[in-house]
Amino acid sequence: MVQRSPTGKLEAIVAISTVRRLGSSASFIISVLYWTQAFLLSGEVELSFAESQHIELARNGNEANGSRTDLAIQNDADFPDGGVNAWRTALGGFLAFVASIGFMSGGSVFQSYYITTTLSSSSASDIAWIGSVQLWGCFFFGIWAGRLSDKYGPALPLGLGTVFMVFGIMMASISKQYYQFLLSQGFCVALGMGWIFTPALAVQSQWFLRRRGFVVGAVMSGQNVGGIIWPVLTNKLLIDNGMSLGWTLRIIGFIQLGLMTAATLLVKPRFPRTSNIDGFPIRQYFTHKRTIAFTIALVIMDLGIYIPWFYITPFTMTYGASASLAFYNAAILNGGAFVGCHALGIVADSGLGFFNCLTVTTFASGVVAFAWIGARNVGGIIVWTVAYGILSGALQAIFSPCLSLLAPTPEVTGSWNGIAITIGSFAVLGTGPIAGKLLGDEDGTGYVLMQVFTGICLVLAGVFYLATRVLVSRDRWI
């Protein structure tokens, strides 16, 4: 019989603060080293063997089904892969992710606080919808944000996203009832994050090809750095200094405004604005089998990949961990994802190729997800958390470079990313309810069906990613 450990109301919040302070310093050091390396290496770099083979295939291979023709248009482009404008854009994207997606990643501290204080009359499942709506919004508005970025440049959607996100935080600071928090910190902030996510990510592919994996991973790691910074700041203000929730949220909003202002000024499109991009290229997007297969894979992956992120804390506590250790394990998951974001991008750039890395990592994630079933003690759960954090973080960072390679031209990478991300939003929205239904026992300890579902989703996604990789090219390195 599995025994649950007792949990205090504010113990979890204090635990987050202690753990995140340690992780914050480490993440900042790693980030500084990474960006320093990036600028030092911003000169000319030689084509890797894998990339040279990929480009040669694209130039010479005009198959009847057109599976390589579109790639040739993009690979023939003269990507800077460095320089002031390219690296300032990457830095701007990183700051945007710290301010927006990073805030969402650290949102568990607000859920804990609301459950014990402000919204103690509401159920935990109701309060969880605030974070679920934020996650859905990041994906759902991608198609419109990406299209707006392609047509008018990323500054417009980034500016709109900043307005909605900061306005939502400010409205949450004066909210008193559950529905007010859901509308402000939930839907309004989600709308803002949705306008920020796709442009900040997709614009990187306009500047980088040889270093695309490295840069996209560095940009997306902003969510992990933010996932450490925001809870530390929140706990410092709320718990250590005894500040009110209202002023805590206002301070966060002002910091987000500063970060997003800097991000909007730093991010620069490579191509001039074009007014001849009309409508949404959905029909063109679904012209090729490779794009359809990739989208199916992304949707299936989104159904399963986030389940451990939602349930790792209660799962750890189910097997005897204290609240402090359980939240420490959540920080480990975030730290593993930080490493994975960087590592797989570097590996893909070094010669193995984006589609190869995506396919292998997805299958590996599926195997690790099934291994979750065997994690029955605290030590085993921590080891599993490290492995899954690295792999799931890598997957979240590598899918965008692959999508950008599928786009017919670099100018429409925003639209291509946006369409896929918007379609995937419906899978993300359904992740929580599906996982909740799969919890077996009445006391919520029956995780096996949920774990099996996670593994099946990732393995099946790997099958469709493999199909995409074959449809793009039968070359060994891509």
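The values are calculated or read from the model by the stated rules, or taken from the named source; none is laboratory data. Note that the coordinates shown come from a computational prediction; the quantities given were computed from them, not determined experimentally. In this analysis, Cβ positions are derived from the backbone assuming ideal geometry, glycine residues included, and neighbour counts consider all displayed protein chains.
Is the range 429-439 home to any residue that is assigned to a helix (DSSP H, G or I), in contact (Cβ under 8 Å) with a residue 60 or more places away in the chain and over 26 Å from Ile332 (Cβ atoms)? Yes: the range 429-439 contains one or more residues that are assigned to a helix (DSSP H, G or I), in contact (Cβ under 8 Å) with a residue 60 or more places away in the chain and over 26 Å from Ile332 (Cβ atoms).
Among the residues making up the range 372-419, a single one is surrounded by fewer than 22 Cβ atoms within 10 Å (Cβ to Cβ) and among the hydroxyl-bearing types (Ser, Thr, Tyr): Thr409. Considering only residues in the range 241-272 that are in contact with a helix residue (DSSP H, G or I) (Cβ under 6 Å, 6 or more places away or on another chain) and part of a loop (DSSP other than H, G, I, E, B), the one that is farthest from Thr413 (Cα to Cα) turns out to be Met243. Do we find that Phe181 is modelled with pLDDT of 85 or more, surrounded by fewer than 24 Cβ atoms within 10 Å (Cβ to Cβ) and either in a helix (DSSP H, G or I) or not β-branched (Val, Ile, Thr) (or both) in this structure? Considered against the rule, which asks whether it is modelled with pLDDT of 85 or more, surrounded by fewer than 24 Cβ atoms within 10 Å (Cβ to Cβ) and either in a helix (DSSP H, G or I) or not β-branched (Val, Ile, Thr) (or both), Phe181 comes out as yes. Residues that are β-branched (Val, Ile, Thr) and at pLDDT 80 or above occur in the range 218-226; there is at least one. Being over 26 Å from Asn417 (Cβ atoms) and small (Gly, Ala, Ser), is that true of even one residue in the range 195-214? The answer is no, given that none of the residues of the range 195-214 is over 26 Å from Asn417 (Cβ atoms) and small (Gly, Ala, Ser).
Here the condition is being without any contact (Cβ under 8 Å) to a residue 12 or more places away in the chain and either within 16 Å of Gly462 (Cβ to Cβ) or part of a helix (DSSP H, G or I) (or both); of Gly393, Gly340, Gly380, it holds for Gly380 alone.
Residues being among the aromatic types (Phe, Trp, Tyr), closer than 20 Å to Ser425 by Cα, surrounded by 23 or more Cβ atoms within 10 Å (Cβ to Cβ) and touching a helix residue (DSSP H, G or I) at 6+ places or on another chain (Cβ under 6 Å) are entirely absent from the range 156-178.
The single condition among (1) in a helix (DSSP H, G or I); (2) over 16 Å from the mean Cα position of the chain (by Cα); (3) surrounded by fewer than 24 Cβ atoms within 10 Å (Cβ to Cβ) that Gly320 does not meet is (1).
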